[in-house]
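Report on the structure given below.
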Amino acid sequence: MSDAELHPTVPLDYIARSEDEMRARAREFRELLDRRRSVREFSDRPVPLEVLRDAIRTAGTAPSGAHMQPWHFALVTDPSIKKQIREAAEAEERETYANRMSEEWRKALAPLGTDANKPFLETVPALIVVFRVDYAFDESGDRTKHYYVQESVGIATGMLIAALHNAGLATLTHTPSPMHFLGRILERPKNERAYLLLPVGYPAENCRVPDLARKPLDAICTEF
Ligand code: IYR
């Protein structure tokens with residue numbers, strides 16, 4: 001078989017835009033994403049499952065090392081599973097807040113007003129648990145190596161958060177640590193490790209968030 005037959009190509013589905021259009025789109029997208037905030041007070045109002053599924057499809061368009069797509073998303077809306085996750089997360093968080101956090105860490109978190117109680121894990125209509133898939137199995141049961149898993153899953157997660165925000169939903173990037181309990185409760189295989197827990201829903205009425213500022217461009221970018 002020729003190389004072209006082994007590795008087929010297709011034309012790039014590229015949309016060319018004028019510079020004016022690019023400027024407008026870049027600004028609008030920035031303004032949209034600048035309104036995203038991590039939310040810790042959620043409404044219990046159900047969200048359309050199809051919106052969540054579409055956002056997960058969007059995450060699945062992320063680039064990945066050797067196109068291995070090393071991610072898996074658990075979409076949890078079952079109240080009894082949310083309860084189990086809340087109870088296990090709070091147990092870990094109680095230990096973290098009491099014994100694992102340094103004084104410096106505690107100070108950095110103070111403006112966020114967080115503690116070990118995570119009632120939102122049950123209030124929210126949906127939890128999306130992102131798993132990193134460290135390796136796969138081929139048809140003969142041998143391991144297939146995955147590359148740049150951390151980077152790939154991080155990019156996919158960013159796209160997931162942006163897609164949910166774009167759809168009008170609020171999220172929290174939640175990292176109870178350690179997160180082994182998520183693989184256990186959700187019965188994921190041993191080649192997967194929990195990466196992030198994302199509560200998703202509508203913000204509670206009158207939801208307030210910390211008064212934070214974004215770093216300006218000149219603080220996050222150096223031009224050469
Ligand atoms: N995982 C804990 C602590 C926590 C840590 C960081 I870094 C944050 O930005 C926020 C919280 C918790 O969720 O409370």
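The values are calculated or read from the model by the stated rules, or taken from the named source; none is laboratory data. What you see is a predicted model; the values in this text were computed from it and never measured. So basically every Cβ, Gly included, is an ideal-geometry build from the backbone, and we count neighbours across all protein chains shown. Heads up: the accessible areas ignore ligands, DNA and RNA and are worked out on the full protein's heavy atoms, side chains in. Shrake-Rupley method; radii C 1.70, N 1.55, O 1.52, S 1.80 Å.
Beta bridges assigned by DSSP with both partners in the chain are antiparallel in approximately 95 percent of cases.
Distances between placed amide hydrogens fall under 5 Å for A126 paired with V200, all partners being 5 or more residues away or on another chain. Each residue of the stretch 132-137 is assigned a 3J(HN,Hα), and the resulting list reads 8, 9, 6, 7, 10, 10 Hz, derived from the Karplus form 6.51 cos²θ - 1.76 cosθ + 1.60 (θ = phi - 60°), x at Gly and Pro. By a straight-distance test (C-alpha under 19 Å), which lysines pair with K145 as possible cross-link partners, with residues fewer than eight away in the same chain excluded? Those lysines meeting the cut-off are K190.
Taking chymotrypsin sites (Phe, Trp or Tyr not before Pro) across the stretch 4-99, the ones in a DSSP loop with at most 15 further Cβ atoms lying within 10 angstrom of their Cβ are Y14.
Please state the charge dipole magnitude for the stretch 40-207, taken about the Cα centre, from unit charges on C-beta atoms (+1 on K and R, -1 on D and E), reported in debye and rounded to the nearest 20.
Here the stretch 40-207 has a charge dipole of around 100 debye.
With both labels modelled 7 Å from their Cα along Cα-to-Cβ, the M22 to T144 distance reads 3.6 nm. Give me a comma-separated list of calculated 3J(HN,Hα) values for the stretch 187-203, in order, Karplus coefficients 6.51, -1.76, 1.60 applied at θ = phi - 60°, integers in Hz, x for any Gly or Pro. These are the phi-based 3J(HN,Hα) values: 6, 7, x, 6, 7, 10, 10, 4, 10, 6, 10, 10, x, 9, x, 8, x Hz.
For the chain, excluding the exposed loop sites themselves (trypsin sites (Lys or Arg not before Pro), DSSP loop, at most 14 other Cβ atoms within 10 Å), the longest remaining stretch covers 37-189.
Average accessible surface for the chain: 66 Å² per residue, computed with a 1.4 Å probe over protein heavy atoms with every protein chain in place. Estimated from helical segments only, the mean residue ellipticity of the chain at 222 nm is -11500 deg cm²/dmol, where each DSSP H run of four or more residues counts as -39500 (n - 2.57).
Against the empirical 2.2 N^0.38 Å (N residues), the chain has a Cα radius of gyration ratio of 1.17.
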